[in-house]
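Accompanying notes for the structure given below.
The values are calculated or read from the model by the stated rules, or taken from the named source; none is laboratory data. Since we're looking at a predicted model, the values are computed, not measured. When we count neighbours, we look across all protein chains shown, and the Cβ atoms used for this are built from the backbone with ideal geometry, even at glycine. These accessible areas exclude ligands, DNA and RNA; they are computed on the full protein's heavy atoms, side chains included. Shrake-Rupley method; radii C 1.70, N 1.55, O 1.52, S 1.80 Å.
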Amino acid sequence: MNDHRRLGRELGIFDTDPLIGSGLPYWLPAGAAVRKAIEDYVHELERRNGYLHVNSPVLGKRELYERSGHWAHYAEDMFPPMRVGGEEFVLRPSLCPHHALVYRSRQRSHRDLPLRLAELGGMYRSELSGVLGGLTRVRAIQLNDGHVFCAPEQAAAEVSAALDLIEAAHDRLGIRAARYRLSLRGDGEKFVDDPAMWRRSESVLRDVLRQRGRPYDEEHGEGAFYGPKIDIQIADPAGREATLSTVQVDYFQPERFDLRYAGGERPVMVHRSVVGGLERLVAHLIEVHGGAFPAWLAPVQAVVLPLSDAESPAAGELLRRCVAAGLRAELAPADRGSLGARIRAHRLVPYQLVVGPREAASGRAAVRLRDGSQAGEVPIEQLAAQSRPFG
Ligand SMILES: [Zn+2]
């Protein structure tokens, strides 16, 4: 069984330090490389699907969260306010309020919709230290977030388009959903009390799910405070479930922030996260792939292995060409041990480029794959193309 906490440290993905605090892991070089590959991929996927990217601060005034409803319904998961001068600031528990204000910053007409905003940004949760560990329960989350502001009649199509993006990303990442869950309101003060609003948003999500013909379960009490969610659940090796990707329909925050288009019409907010928080995603990827990531995600995509010291100059030149072609590559010099030992040490690297006397003379490399098979001489440009998520 792959435990992401053990494997993540072994692979140099992340670590923690009590001086920083529990639930606040930091990314080591291999982890930062994986994370950047995911960020670039998702950014490009969103760009190709009509999203505009924005950046907004990780904190805001307490009044912002009173307006959004977080203060009334979500305060127990938020860090306490920080007093600066006469004002109070809060580390944000979500990106939605900032995006609502981005929407409100300009006049919007019907032809501006749907307006799809996306951001990879920090959000914070005041988890108690007792439940923290590894990358799955953290206090600082890098969230792939996005909000589609659309006319009511566009909402169903936008929910379905978001599910298309999620399914495409899961396919590329090598992830399989454990199940789809329609998460509904529960009892109590955690949920906005407006039954008509909930009926309306639930019916949009239910219709899309039925239309797509995918089985799903309905569960009460798992919705957001402002609306229902389609949650795409993943499971760890022990069968413990967590939510990765999500799509939500929200009539509440457009009301609270008095969002408008075409003078008086009220837009709908479709909240969606294609891959969720990067911490949870990478924890899951470590467990699913056991460290043998797809080539486009691998921290090191190519390792250059000279047979002996005589091939060192040719190996160095090959490494330079790999790096220039965009590959994350490194050298395993001959003085680090036998070829077999060096291959074992780099067994998770997708492309192992062996340089013997023949290859040194030709300026090429014999490519060995992770499963031990030989791919023959492959041009570096082709390896680089195979190591990109969009080819
Ligand atoms: Zn949101």
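A few points about this structure:
- Against the empirical curve 2.2 N^0.38 Å, the C-alpha radius of gyration of the range 1-153 lands at a ratio of 1.21.
- Proximal charge balance of Asp77 [Cβ under 9 Å; K/R count +1, D/E count -1]: -1
- For the range 112-162, size of Cβ-based charge dipole, Lys and Arg +1, Asp and Glu -1, in debye: 360
- In a fully extended conformation the segment linking Val84 and Leu59 would gain 7.8 nm over its present Cα-Cα distance, using 0.36 nm per residue.
- Equivalent-ellipsoid semi-axes of the chain, from the Cα gyration tensor, Å, largest first: 45, 22, 20
- Note that the chain presents 46 Å² accessible area per residue, ligands and nucleic acids not counted, probe 1.4 Å.
- Within the chain: Cβ-based charge dipole about Cα centre, in debye rounded to nearest 20 (Lys, Arg +1; Asp, Glu -1): 580
- Modelled this way, with points 7 Å down the Cα-to-C-beta line, the labels at Glu189 and Ala32 are 4.4 nm from one another.
- Structure remark: mean-square fluctuation, Gaussian network model of the chain, C-alpha springs under 10 Å; the largest value among Phe191, Phe89, Phe149 belongs to Phe89.
- The slack between Glu127 and Ala310, meaning 0.36 nm per residue of separation minus the straight C-alpha distance, is 60.3 nm.
- Most mobile listed residue (Leu143, Leu64, Leu339) in the chain, GNM with C-alpha springs under 10 Å: Leu339
- With DNA, RNA and ligands ignored, accessible area of His220 (1.4 Å probe; Å², nearest 10): 140
- Gaussian network model of the chain, springs between alpha carbon atoms under 10 Å - residue of Gly69, Gly133, Gly213 with greatest fluctuation: Gly213
- Within a straight-line Cα-Cα reach of under 22 Å, Lys190 can be paired with the following lysines, leaving aside sequence neighbours fewer than 8 residues apart in one chain: Lys61, Lys229.
- Trypsin sites (Lys or Arg not before Pro) lying in DSSP loop within the range 156-238, provided at most 12 other Cβ fall within 10 Å: Arg176
- With the charge dipole of the chain set up from +1 on Lys and Arg Cβ and -1 on Asp and Glu Cβ about the Cα centre, the Cα lying farthest toward the positive end among the listed residues Val34, Leu348, Gly239 is that of Leu348.
- Cα shape, the range 263-391, gyration tensor, a/c 1.5 rule: prolate
- Using alpha-carbon coordinates, inclination of helix 195-212 to the longest axis of the chain, degrees: 40
- Dipole-positive endmost among Val304, His284, Ala262 within the range 234-332 (Cβ charges, Cα centre): Ala262
- Over the range 249-326, all Cα pairs binned in 10 Å intervals from 0 give whole-percent P(r) values of 14, 22, 17, 16, 14, 9, 6, 1, listed from short to long.
- Using a probe of 1.4 Å, the accessible surface attributed to Met123 totals some 10 Å² when neighbouring protein chains are kept in position.
- Taking trypsin sites (Lys or Arg not before Pro) across the range 308-368, none is in a DSSP loop with at most 10 further Cβ atoms lying within 10 angstrom of its Cβ.
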